[in-house]
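Report on one structure; see the data block that follows.
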Amino acid sequence: SKWYQRRVRGVVDRLSVKLVLTFVAVCCTVFNTSAATYITIFTGYIPYNEWECVSEKCSDLQASSGSSNDFYSYDTICKNDLVAGSDFNWTSEKLTFSMEWGFYCKTEAKLSLVSSIIFIGSLLGLLLSTGLYDWIGRKKGAMFGSFLVLMSLAASSVATNYTVLLLLRAISGFGLMVNYTGSYCWILELAPTFLRNPISGFFTLGWTAGVFILIGLSKFIDHWHNIYLAVAVVNILGLIPFFLLPLPESPRFSLIKGKKEEAIKTLQLLAR
(Lines give C-alpha, C1' and ligand atoms only; values in the text may rest on other atoms or scores of the structure.)
Protein backbone atom coordinates (compact mmCIF):
# COMPACT_ATOMS: atom_id res chain seq x y z
CA SER A 1 0.00 0.00 0.00
CA LYS A 2 2.81 2.43 0.90
CA TRP A 3 4.66 1.51 -2.29
CA TYR A 4 1.52 2.26 -4.32
CA GLN A 5 1.07 5.61 -2.54
CA ARG A 6 4.68 6.56 -3.25
CA ARG A 7 4.24 5.71 -6.92
CA VAL A 8 1.06 7.76 -7.23
CA ARG A 9 2.59 10.69 -5.37
CA GLY A 10 5.66 10.54 -7.58
CA VAL A 11 3.54 10.78 -10.71
CA VAL A 12 1.26 13.54 -9.40
CA ASP A 13 4.16 15.66 -8.16
CA ARG A 14 5.72 15.69 -11.63
CA LEU A 15 2.54 16.64 -13.47
CA SER A 16 1.80 20.16 -14.64
CA VAL A 17 -1.61 21.71 -15.22
CA LYS A 18 -0.77 22.46 -18.86
CA LEU A 19 0.31 18.87 -19.46
CA VAL A 20 -2.91 17.49 -17.96
CA LEU A 21 -5.07 19.91 -19.98
CA THR A 22 -3.23 18.92 -23.14
CA PHE A 23 -3.82 15.21 -22.49
CA VAL A 24 -7.52 15.77 -21.77
CA ALA A 25 -7.96 17.94 -24.86
CA VAL A 26 -6.30 15.37 -27.14
CA CYS A 27 -8.40 12.56 -25.66
CA CYS A 28 -11.55 14.59 -26.40
CA THR A 29 -10.87 14.18 -30.11
CA VAL A 30 -11.35 10.41 -29.98
CA PHE A 31 -14.91 10.45 -28.60
CA ASN A 32 -16.19 10.38 -32.14
CA THR A 33 -14.13 7.41 -33.33
CA SER A 34 -16.02 4.68 -31.50
CA ALA A 35 -19.36 6.44 -32.03
CA ALA A 36 -18.73 6.69 -35.78
CA THR A 37 -17.64 3.04 -35.92
CA TYR A 38 -20.63 1.54 -34.11
CA ILE A 39 -23.34 4.00 -35.11
CA THR A 40 -24.94 1.63 -37.65
CA ILE A 41 -25.83 -0.76 -34.81
CA PHE A 42 -28.53 1.77 -33.92
CA THR A 43 -29.18 3.61 -37.18
CA GLY A 44 -29.46 0.42 -39.25
CA TYR A 45 -31.15 -1.91 -36.77
CA ILE A 46 -33.78 -4.25 -38.28
CA PRO A 47 -36.66 -4.84 -35.80
CA TYR A 48 -37.72 -8.32 -36.88
CA ASN A 49 -39.97 -8.65 -33.83
CA GLU A 50 -41.71 -5.27 -34.19
CA TRP A 51 -44.25 -5.32 -37.02
CA GLU A 52 -47.91 -5.99 -37.80
CA CYS A 53 -49.82 -7.73 -40.57
CA VAL A 54 -51.61 -5.63 -43.21
CA SER A 55 -52.38 -8.29 -45.85
CA GLU A 56 -54.60 -11.35 -46.02
CA LYS A 57 -51.57 -13.56 -46.66
CA CYS A 58 -49.88 -12.36 -43.47
CA SER A 59 -53.10 -12.62 -41.42
CA ASP A 60 -53.61 -16.21 -42.56
CA LEU A 61 -50.09 -17.06 -41.47
CA GLN A 62 -50.75 -15.48 -38.10
CA ALA A 63 -53.99 -17.41 -37.67
CA SER A 64 -52.25 -20.69 -38.42
CA SER A 65 -49.37 -19.92 -36.08
CA GLY A 66 -49.35 -21.97 -32.91
CA SER A 67 -47.60 -19.30 -30.83
CA SER A 68 -48.09 -15.58 -31.35
CA ASN A 69 -44.76 -14.83 -29.64
CA ASP A 70 -42.86 -16.87 -32.20
CA PHE A 71 -44.83 -15.45 -35.10
CA TYR A 72 -43.21 -12.01 -35.04
CA SER A 73 -39.76 -13.08 -36.06
CA TYR A 74 -37.13 -13.16 -38.77
CA ASP A 75 -38.27 -16.61 -39.90
CA THR A 76 -41.87 -15.52 -40.46
CA ILE A 77 -40.90 -12.57 -42.63
CA CYS A 78 -38.05 -14.13 -44.59
CA LYS A 79 -39.21 -17.72 -45.04
CA ASN A 80 -42.64 -16.58 -46.25
CA ASP A 81 -41.30 -13.75 -48.44
CA LEU A 82 -43.41 -11.12 -46.71
CA VAL A 83 -43.01 -7.65 -48.23
CA ALA A 84 -42.77 -4.53 -46.09
CA GLY A 85 -45.52 -2.07 -46.91
CA SER A 86 -47.62 -4.73 -48.68
CA ASP A 87 -47.81 -7.66 -46.25
CA PHE A 88 -46.67 -5.96 -43.06
CA ASN A 89 -45.67 -2.61 -41.57
CA TRP A 90 -42.89 -1.96 -39.09
CA THR A 91 -44.20 -0.81 -35.69
CA SER A 92 -40.90 0.12 -34.04
CA GLU A 93 -40.73 3.61 -32.51
CA LYS A 94 -37.18 3.90 -33.84
CA LEU A 95 -36.89 4.67 -37.55
CA THR A 96 -33.71 3.24 -39.09
CA PHE A 97 -32.34 3.44 -42.61
CA SER A 98 -32.87 -0.33 -42.96
CA MET A 99 -36.59 0.18 -42.41
CA GLU A 100 -36.71 3.25 -44.65
CA TRP A 101 -34.78 1.69 -47.55
CA GLY A 102 -36.07 -1.88 -47.24
CA PHE A 103 -32.97 -3.68 -45.97
CA TYR A 104 -34.15 -7.00 -44.55
CA CYS A 105 -33.95 -10.71 -45.36
CA LYS A 106 -32.39 -11.03 -48.84
CA THR A 107 -31.14 -7.42 -48.86
CA GLU A 108 -29.76 -7.47 -45.31
CA ALA A 109 -26.27 -7.79 -46.79
CA LYS A 110 -26.50 -4.10 -47.68
CA LEU A 111 -26.65 -3.27 -43.98
CA SER A 112 -23.59 -5.42 -43.37
CA LEU A 113 -21.72 -3.60 -46.12
CA VAL A 114 -22.64 -0.17 -44.75
CA SER A 115 -21.41 -1.29 -41.32
CA SER A 116 -18.15 -2.86 -42.51
CA ILE A 117 -17.00 -0.50 -45.27
CA ILE A 118 -15.78 1.88 -42.59
CA PHE A 119 -12.89 -0.53 -42.03
CA ILE A 120 -11.86 -0.24 -45.67
CA GLY A 121 -11.62 3.50 -45.18
CA SER A 122 -9.76 2.94 -41.91
CA LEU A 123 -7.20 0.73 -43.64
CA LEU A 124 -6.51 3.44 -46.22
CA GLY A 125 -6.29 6.02 -43.44
CA LEU A 126 -3.79 3.89 -41.55
CA LEU A 127 -1.61 3.36 -44.63
CA LEU A 128 -1.56 7.04 -45.63
CA SER A 129 -1.50 8.63 -42.20
CA THR A 130 2.23 8.12 -41.51
CA GLY A 131 3.25 10.33 -44.41
CA LEU A 132 0.55 12.83 -43.47
CA TYR A 133 1.82 13.16 -39.89
CA ASP A 134 5.39 13.76 -41.04
CA TRP A 135 4.17 16.31 -43.58
CA ILE A 136 1.74 18.53 -41.63
CA GLY A 137 2.33 17.34 -38.07
CA ARG A 138 0.54 15.26 -35.47
CA LYS A 139 -1.72 18.09 -34.30
CA LYS A 140 -2.90 19.17 -37.74
CA GLY A 141 -3.19 15.54 -38.83
CA ALA A 142 -5.45 14.73 -35.90
CA MET A 143 -7.57 17.81 -36.58
CA PHE A 144 -7.82 16.95 -40.28
CA GLY A 145 -9.04 13.44 -39.47
CA SER A 146 -11.55 14.75 -36.96
CA PHE A 147 -12.92 17.27 -39.47
CA LEU A 148 -13.35 14.50 -42.04
CA VAL A 149 -15.36 12.45 -39.55
CA LEU A 150 -17.41 15.52 -38.62
CA MET A 151 -18.27 16.32 -42.24
CA SER A 152 -19.14 12.70 -43.08
CA LEU A 153 -21.40 12.38 -40.02
CA ALA A 154 -23.15 15.66 -40.76
CA ALA A 155 -23.64 14.68 -44.41
CA SER A 156 -24.94 11.24 -43.34
CA SER A 157 -27.70 12.97 -41.37
CA VAL A 158 -29.20 14.11 -44.68
CA ALA A 159 -28.25 11.09 -46.83
CA THR A 160 -31.09 10.11 -49.14
CA ASN A 161 -29.87 6.79 -50.54
CA TYR A 162 -27.73 3.75 -49.92
CA THR A 163 -24.86 4.70 -52.26
CA VAL A 164 -24.32 8.09 -50.65
CA LEU A 165 -24.31 6.61 -47.14
CA LEU A 166 -21.85 3.93 -48.26
CA LEU A 167 -19.43 6.56 -49.57
CA LEU A 168 -19.75 8.68 -46.44
CA ARG A 169 -19.04 5.66 -44.23
CA ALA A 170 -15.80 5.00 -46.13
CA ILE A 171 -14.76 8.65 -45.74
CA SER A 172 -15.62 8.48 -42.06
CA GLY A 173 -13.41 5.40 -41.65
CA PHE A 174 -10.49 7.15 -43.33
CA GLY A 175 -10.90 10.21 -41.12
CA LEU A 176 -11.32 8.36 -37.85
CA MET A 177 -8.16 6.32 -38.34
CA VAL A 178 -6.16 9.44 -39.27
CA ASN A 179 -7.59 11.16 -36.20
CA TYR A 180 -7.14 8.26 -33.79
CA THR A 181 -3.60 7.27 -34.71
CA GLY A 182 -2.52 10.90 -35.09
CA SER A 183 -3.87 11.78 -31.64
CA TYR A 184 -2.23 8.68 -30.16
CA CYS A 185 1.19 9.53 -31.59
CA TRP A 186 0.77 13.16 -30.57
CA ILE A 187 -0.12 12.42 -26.95
CA LEU A 188 2.63 9.84 -26.48
CA GLU A 189 5.27 12.16 -27.94
CA LEU A 190 4.15 14.90 -25.55
CA ALA A 191 4.15 12.59 -22.53
CA PRO A 192 7.20 12.18 -20.30
CA THR A 193 8.65 8.67 -20.38
CA PHE A 194 7.36 7.84 -16.89
CA LEU A 195 3.81 8.64 -18.00
CA ARG A 196 3.62 6.91 -21.36
CA ASN A 197 2.18 3.61 -20.14
CA PRO A 198 -0.55 5.23 -17.98
CA ILE A 199 -1.36 7.75 -20.71
CA SER A 200 -1.65 4.97 -23.29
CA GLY A 201 -4.32 3.33 -21.14
CA PHE A 202 -6.00 6.63 -20.33
CA PHE A 203 -6.21 7.47 -24.03
CA THR A 204 -8.47 4.47 -24.70
CA LEU A 205 -11.02 5.90 -22.26
CA GLY A 206 -11.98 8.32 -25.02
CA TRP A 207 -13.04 5.35 -27.15
CA THR A 208 -15.01 3.83 -24.28
CA ALA A 209 -16.69 7.14 -23.46
CA GLY A 210 -17.73 7.46 -27.09
CA VAL A 211 -19.55 4.11 -26.93
CA PHE A 212 -21.56 5.19 -23.89
CA ILE A 213 -22.34 8.55 -25.49
CA LEU A 214 -23.66 6.76 -28.58
CA ILE A 215 -25.81 4.42 -26.49
CA GLY A 216 -27.25 7.36 -24.57
CA LEU A 217 -28.05 9.35 -27.70
CA SER A 218 -29.66 6.34 -29.39
CA LYS A 219 -31.81 5.71 -26.34
CA PHE A 220 -33.51 9.09 -26.56
CA ILE A 221 -33.41 9.80 -30.31
CA ASP A 222 -35.90 7.97 -32.54
CA HIS A 223 -34.84 8.95 -36.07
CA TRP A 224 -31.60 7.68 -37.59
CA HIS A 225 -30.93 11.02 -39.32
CA ASN A 226 -30.95 12.76 -35.95
CA ILE A 227 -28.59 10.22 -34.38
CA TYR A 228 -26.00 11.01 -37.03
CA LEU A 229 -26.54 14.72 -36.41
CA ALA A 230 -26.19 14.31 -32.64
CA VAL A 231 -22.92 12.38 -32.99
CA ALA A 232 -21.66 15.15 -35.30
CA VAL A 233 -22.42 17.67 -32.54
CA VAL A 234 -20.41 15.54 -30.08
CA ASN A 235 -17.55 15.70 -32.59
CA ILE A 236 -17.79 19.51 -32.58
CA LEU A 237 -17.63 19.55 -28.78
CA GLY A 238 -14.50 17.42 -28.95
CA LEU A 239 -12.86 19.95 -31.26
CA ILE A 240 -13.57 22.96 -29.02
CA PRO A 241 -10.41 22.46 -26.88
CA PHE A 242 -8.31 22.86 -30.04
CA PHE A 243 -9.55 26.43 -30.30
CA LEU A 244 -9.72 27.31 -26.60
CA LEU A 245 -6.35 25.92 -25.51
CA PRO A 246 -2.94 26.71 -27.05
CA LEU A 247 -2.12 23.05 -27.65
CA PRO A 248 1.50 22.58 -28.74
CA GLU A 249 2.75 20.48 -31.62
CA SER A 250 4.73 17.34 -30.85
CA PRO A 251 8.37 18.20 -30.02
CA ARG A 252 9.43 15.13 -31.99
CA PHE A 253 7.78 16.54 -35.13
CA SER A 254 9.53 19.87 -34.53
CA LEU A 255 12.87 18.06 -34.36
CA ILE A 256 12.09 16.12 -37.56
CA LYS A 257 11.49 19.47 -39.28
CA GLY A 258 14.75 20.88 -37.87
CA LYS A 259 12.96 23.24 -35.46
CA LYS A 260 15.03 22.53 -32.36
CA GLU A 261 14.16 25.80 -30.60
CA GLU A 262 10.44 25.17 -31.09
CA ALA A 263 10.78 21.68 -29.59
CA ILE A 264 12.59 23.10 -26.55
CA LYS A 265 9.91 25.77 -26.05
CA THR A 266 7.20 23.10 -26.16
CA LEU A 267 8.93 21.00 -23.52
CA GLN A 268 9.51 24.06 -21.32
CA LEU A 269 5.86 25.08 -21.70
CA LEU A 270 4.56 21.69 -20.60
CA ALA A 271 6.98 21.53 -17.68
CA ARG A 272 5.67 24.74 -16.06
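The values are calculated or read from the model by the stated rules, or taken from the named source; none is laboratory data. Bear in mind the structure is a predicted one, so any value in this text is a computation, not a measurement. Neighbour counts run over all protein chains shown; Cβ positions are idealised from the backbone, glycine included. Note: accessible area is taken over every heavy atom of the protein model, side chains too, but ligands, DNA and RNA are not part of it. Shrake-Rupley method; radii C 1.70, N 1.55, O 1.52, S 1.80 Å.
Amide H to amide H distances under 5 Å link Trp51 with Thr91, where only residues 5 or more positions off or on other chains count and H is placed in the peptide plane.
Heavy atoms only, probe 1.4 Å: what % of the accessible area of the range 66-185 goes to carbon and sulfur, would you let me know? Carbon with sulfur: 65 percent of the solvent-accessible area.
Placing +1 on the Cβ of every Lys and Arg and -1 on the Cβ of every Asp and Glu, with no other charges, gives the range 57-96 a dipole of roughly 60 debye about its Cα centre. For Phe119 and Phe147, a Förster radius of 22 Å and the Cβ-Cβ distance give a FRET efficiency of 0.60, rounded to the nearest 0.05. For the range 199-205, the Karplus equation 6.51 cos²θ - 1.76 cosθ + 1.60, evaluated at θ = phi - 60°, returns couplings of 5, 4, x, 5, 4, 5, 5 Hz by residue, with Gly and Pro reported as x.
Accessible area per residue for the range 58-97, computed on protein heavy atoms with a 1.4 Å probe, is 57 Å².
Over the range 147-235, accessible surface divided per residue gives 42 Å², non-protein components excluded, 1.4 Å probe. Cα gyration tensor of the range 185-259, axes a ≥ b ≥ c as square roots of the eigenvalues: rounded (a/c below 1.5), prolate (a/b > b/c) or oblate? In terms of gyration-tensor shape, prolate. Considering only DSSP states other than H, G, I, E and B, which GluC sites (Glu not before Pro) in the range 75-122 qualify as loop sites with at most 11 other Cβ atoms within 10 Å? When the GluC sites (Glu not before Pro) of the range 75-122 are filtered for loop state and at most 11 Cβ neighbours within 10 Å, Glu93 remain. Here the range 223-267 has an Rg and Dmax of 17.2, 52 Å, counting Cα atoms alone. Sparsely packed loop sites in the range 122-187 (the chymotrypsin sites (Phe, Trp or Tyr not before Pro) outside DSSP H, G, I, E and B with at most 15 other Cβ atoms within 10 Å) do not occur. In summary, the convex hull built on the alpha carbon positions of the range 125-272 has an orientation-averaged projected area of 9.9 nm². Residue-wise HN-Hα couplings along the range 209-219, as the Karplus relation 6.51 cos²θ - 1.76 cosθ + 1.60 with θ = phi - 60° gives them from phi, are 4, x, 5, 5, 4, 4, 4, x, 5, 5, 5 Hz; Gly and Pro carry x. Accessible area per residue was computed with a 1.4 Å probe on protein heavy atoms; Met177 scores about 40 Å².
Each residue, Leu95 and Val83, gets one label point 7 Å from its Cα in the Cβ direction; the gap between the two is 2.3 nm.
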